[in-house]
Amino acid sequence: MSSADIGVYGLGVMGEAFALNLESRGLKVAVYNRTAEKTRQFIEGKARGRMIYGFTDLKGFVQSLSKPRIIVLFIKAGKPVDDVLADLSGMLDKGDIVMDCGNSHYRDSDRRFAELGSRGTRFLGVGISGGEEGALKGPSMMIGGDFSAYIDAERKVGPAAAIFENSRCISYFGDGGAGHFVKIVHNGIEYAVMQAIAEAYDYLSRAAGYSSLEIGSIFEEWAKGELRSFLLQAAAQVLKYVDPDTQRPLVELIVDEAEQKGTGRWSVEAALELGVAVPTITAAVEQRTLSTQRGLRQITPCPPHASATKRELDEDNTLVRDALRATMLLSYVQGISLLDAGARTYGFRVSEALRVWRAGCIIRSRIVEELYSLLSYAQGEAATVALEKNLALLEELMPNWFGFVAQASSAGIPTPATASALSYYLSIRSRRLPANLIQAVRDYFGSHMFRRLDREGYFHSDWGRKVER
Ligand SMILES: NC(=O)c1ccc[n+]([C@@H]2O[C@H](COP(=O)([O-])OP(=O)(O)OC[C@H]3O[C@@H](n4cnc5c(N)ncnc54)[C@H](OP(=O)(O)O)[C@@H]3O)[C@@H](O)[C@H]2O)c1
């Protein structure tokens, strides 16, 4: 074999699919996996007859690559990435490129960018979205790190990215962990949208008595219009799938405890650190946690009571649909607000994230496409622009949105994402929030001072108390 064009380290679900994708674009791909058996299985299985070459020794893998070498890592995030980077460090030449495509924390990517850079290795932290199918056919790629490395690497991996209207869903977002920062915002939005869809399902199922198959059909219908999105289409397909063994919808046989790998939590932590409110994303993360607190959930079993008749909803289900639409929209707006804060550190254009989210990724949707159109030439804070341009729509959705939260609550169905999105919106459109009372009480017990509407400066009051000395 002459030198390989690119190397893929890690042959799990994503690494295998991406190696096949790269090869389908005409590249010679070298592959390596910690467990050699997996490499052998891949080479003799899916990669048979293709320009994919397996290595069981790391040195041979590295030496097989043309220079500057490009090594794409698809391994478990965290310590494994540091361990592998340490293993590679003595084998790389100045200018070689390592692309970490796992779900790494953006702060780790900031650190690795600096550490590798000091040794002459060009590091790229790559957020990838699209799951296995995306990795195989065209993912959305959010890249940060060494800019010259991006230019070199894009020539090879760019053709493997998803395409939306002739534009590749791959972009550079800035130094260090910028790409992984954008990816955690993506995942935060993903959590919120999934929770909102689950709440619509819960209401239709438990308060109105629809079957899973019927809800699947309703979602399928909605996914043809304003709510068109990968996640709603996925939910529709899942709800309609019948388990061949039991002849029951498989979804009904699944334990109601949602797992998480941490990227949702990271998006909430980033928001807290940067001083950005993302209540719907937070609600979604917390609801996953609550779903696993089975002991707590069993204390007061309380079956819901029907609030909506199926006949009413058969005629008009806009109550549920509008609430979902508003919540989905505000999940993206909250993510955009977090991107605004990240953009101040990394210097990217927020609209660029929406551009690469239009295809290939899990949160692709009509809403993303519309937000991109609104934001691509807009000036100022993207979240403010996104809200201003959607005010009329949100006002129109408001009665049904409010009605859904009220009806679901009275039926005993929790709607943390939908209700928090509503509260977020009500807070934004309130000219005055009760934070004045909070400031006053803070000053009352802790002399924390307050600002006044009628005078400049900071003030303290004794609030009429007699101070004993
Ligand atoms: N699955 C998705 O939809 C998706 C989407 C976007 C991003 N990601 C991210 O992409 C990365 C890979 O995901 P995946 O779904 O392909 O995972 P996976 O199927 O679980 O495969 C994990 C890979 O990591 C390797 N690995 C684990 N610990 C290692 C260590 N200490 N040293 C060297 N290699 C090690 C494993 O090697 P062995 O075979 O030797 O165990 C295996 O090749 C993860 O960071 C994940 O979060 C996944």
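A short reminder: the numbers here are calculations on the coordinates, not readings from a lab. Note that the coordinates shown come from a computational prediction; the quantities given were computed from them, not determined experimentally. Glycine also receives a Cβ, built like all others from the backbone with ideal geometry; neighbour counts cover every protein chain displayed.
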Sorted by chain and number, the residues with a modelled amide H under 5 Å from that of His448, at a separation of 5 or more or across chains, are Asp443
Expressed as a whole-number percentage, the relative contact order of the chain with C-alpha contacts under 8 angstrom and at least six residues apart is 13
Phi-derived 3J(HN,Hα) across the stretch 26-42 with the Karplus relation (6.51, -1.76, 1.60, θ = phi - 60°), rounded Hz, x for Gly and Pro, is x, 8, 8, 10, 8, 10, 8, 9, 3, 8, 4, 4, 5, 4, 4, 4, 5
Can you sort Ile367, Ile438 so the residue with the fewest Cβ neighbours within 10 Å comes first? Ile438, Ile367
Rounded, prolate or oblate: which fits the chain, taking a ≥ b ≥ c as square roots of the Cα gyration tensor eigenvalues, rounded meaning a/c under 1.5, else prolate when a/b beats b/c? oblate
Would you mind checking the tilt of helix 382-410 against the longest principal axis of the Cα atoms of the chain, expressed as 0 to 90 degrees and rounded to 10? 60
If r is the Cβ-Cβ distance from Lys94 to Ala114 and R0 is 22 Å, what FRET efficiency results, to the nearest 0.05? 0.85
Nitroxide proxy distance, nm - points 7 Å out along Cα→Cβ at Ser3 and Arg155: 1.2
Val441/Ala277 FRET efficiency (R0 25 Å; Cβ-Cβ; nearest 0.05): 0.75
For each of Trp463, Trp357, count neighbouring Cβ atoms within 10 Å of the residue's Cβ, then give the residues from fewest to most. Trp463, Trp357
Can you tell me the 0 to 90 degree angle between the C-alpha axis of helix 318-346 and the longest principal axis of the chain, rounded to 10? 60
Leu426 versus Arg344, label points 7 Å from Cα toward the beta carbon: distance in nm? 2.8
A chain fully extended from Gln237 to Asp87 at 0.36 nm per residue, minus the present Cα-Cα distance, gains in nm 49.7 nm
Fewest to most Cβ atoms within 10 Å: Tyr53, Tyr191 sort as Tyr53, Tyr191
Whole Å is fine, so just give me how far the alpha carbon centre of the stretch 397-469 lies from that of the stretch 330-387. 28
Excluding Phe42 itself, what net charge comes from residues whose Cβ is under 15 Å from its Cβ, given Lys and Arg +1 and Asp and Glu -1? +1
Mean Cβ-within-10 Å packing, highest first, puts peptides 71-78, 40-47 in the order 71-78, 40-47
The stretch 6-176: antiparallel DSSP beta bridges as a percent of all, rounded to 5: 25
Quick calc: nm separation of the 7 Å Cα→Cβ label points for Tyr377 and Phe459 -> 4.7
Roughly how tilted is helix 13-24, in degrees to the nearest 10 and between 0 and 90, from the longest Cα axis of the chain? 60
If you count the DSSP beta bridges with both ends in the chain, what percent of them are antiparallel, to the nearest 5? 35
Can you list the lysines whose alpha carbon is less than 29 Å from that of Lys224, not counting same-chain residues fewer than 8 positions off? Lys137, Lys183, Lys240, Lys310, Lys389
